[in-house]
Amino acid sequence: MIAKKLILSLVALVAAISNLHAHALWIQTSPTGAAGKEQKVKIIYAEPDQKPEKLSEWYSDVKEFELWLTAPDGKKEKLPTVAGDDFFTSKFTPAQEGIYTISIGHTAKEPGGTTVYQFNASALVKVGKTATGNDATFNKNDLSVFANASQDYKVNKPLILNILYKSAPGEKIAVTVSSPSGWSKQIETNAKGLAEFTPIWPGTYYIEASKSWKESGIQNGKEYKTVWRAATLLVDVAK
């Protein structure tokens, strides 16, 4: 009986952690903007292309994230957010042309079981024709996903992702690509932190990179044995 209860407990724990892995923060905004025109931003917590979780159901203190904007000239500022029922909104007005990086990097206060979870998310906004700021290193999160923001992506054309881990090429990072059709696949970065796939449907692709390893310590008074980090990016693909 004890063994049976132990097995059931382990199954429940694995199911809970698997569900947590499937959820991530996503930053939704138009990939293009205009100088002097307000740019709207939306943040959700959900599985790829699925119904967002209500704020009351967000894991631990994830809803206490901070949203940051890095301008093409490298200037960084914190953006205010407004809570909705199942999302947060924000906005900014580009003052210059180039590539703007919007980012979130948040380590959850509460470990999930014995795992510490870190949620990273980013979005890239192209303003005008200048490529200033089109640089993966502008995102200072521990783990980040970057796609050339000055490029227009189309179906049946290779799409290259640049994954950085602590500002260096992230080798052997698992990257899950979820397409607008519901199809998904996992790819892995090479020694240069690059991963490539060819989109075959138009629409928004959900990209999530993740990395986990064994590490022991104390988080918020609780012991942990594993650290898990994820980073997300949305990429629009045209016909």
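Readers should treat all values here as calculations from the given coordinates under stated rules, not as data from a laboratory. Remember, it's a predicted structure, so these values are computed and weren't measured experimentally. So basically every Cβ, Gly included, is an ideal-geometry build from the backbone, and we count neighbours across all protein chains shown.
What the table shows:
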item	result
Only Lys, Arg (+1) and Asp, Glu (-1) charged, at Cβ; the chain dipole about Cα centre in debye	240 debye
In order through segment 232-239: 3J(HN,Hα) via Karplus (6.51 cos²θ - 1.76 cosθ + 1.60), integer Hz, x for Gly, Pro	10, 7, 9, 10, 8, 10, 9, 5
Degrees, to the nearest 10: 2-22 long Cα axis against longest axis of the chain	0 degrees
Residues of segment 57-92 with amide N under 14 Å of the 7 Å Cα→Cβ point at Glu110	57-64
Cut-off 13 Å, label 7 Å out along Cα→Cβ of Lys192, residues of segment 122-164 by amide N	160-163
Cα lying deepest toward the dipole's positive end in the chain, options Ala71, Pro94, Ala136, charges on Cβ	Ala136
Gain in span if fully extended, Asp135 to Ser167, counting 0.36 nm per residue against the direct Cα distance	10.4 nm
Label-to-label distance, nm, for residues given as Ile218 and Asp85 (7 Å Cα→Cβ offset)	4.3 nm
Whole-Hz couplings from phi, Karplus 6.51/-1.76/1.60, listed for segment 85-100; x for Gly and Pro	6, 9, 6, 10, 10, 8, 6, 7, 10, x, 9, 9, 8, x, 9, 9
Candidates per chymotrypsin sites (Phe, Trp or Tyr not before Pro) in segment 156-202, loop by DSSP, up to 15 other Cβ within 10 Å	Trp183
Segment 157-239: GluC sites (Glu not before Pro) in DSSP loop, at most 15 other beta carbons within 10 Å	Glu171
12 Å beta-carbon shell around Val227, net charge (K/R +1, D/E -1)	+2
Relative contact order, percent, the chain [alpha-carbon distance under 8 Å, six or more residues apart]	18 percent
Stretchable slack from Lys78 to Lys157, in nm (0.36 nm times residue separation minus alpha-carbon distance)	24.9 nm
Filter on Lys37/Lys211; Lys51/Lys76; Lys42/Lys76 - keep pairs with C-alpha separation over 29 Å	Lys37/Lys211; Lys51/Lys76
Relative contact order computed over segment 136-194 (Cα-Cα under 8 Å; 6+ residues apart), in percent	31 percent
Relative contact order (%) - criterion: Cα under 8 Å, at least six apart; region: segment 80-137	36 percent
Reduced Cα scattering model of segment 105-203, Debye log10 I(q)/I(0), q = 0.14, 0.22, 0.25 Å⁻¹	-0.63, -1.28, -1.38
CD proxy at 222 nm, helix term only [per DSSP H run n ≥ 4: -39500 (n - 2.57); per residue of the chain; nearest 500]	-3000 deg cm²/dmol
Farthest toward positive dipole pole in the chain [+1 Lys/Arg, -1 Asp/Glu at C-beta], among Gly203, Gly36, Thr81	Gly203
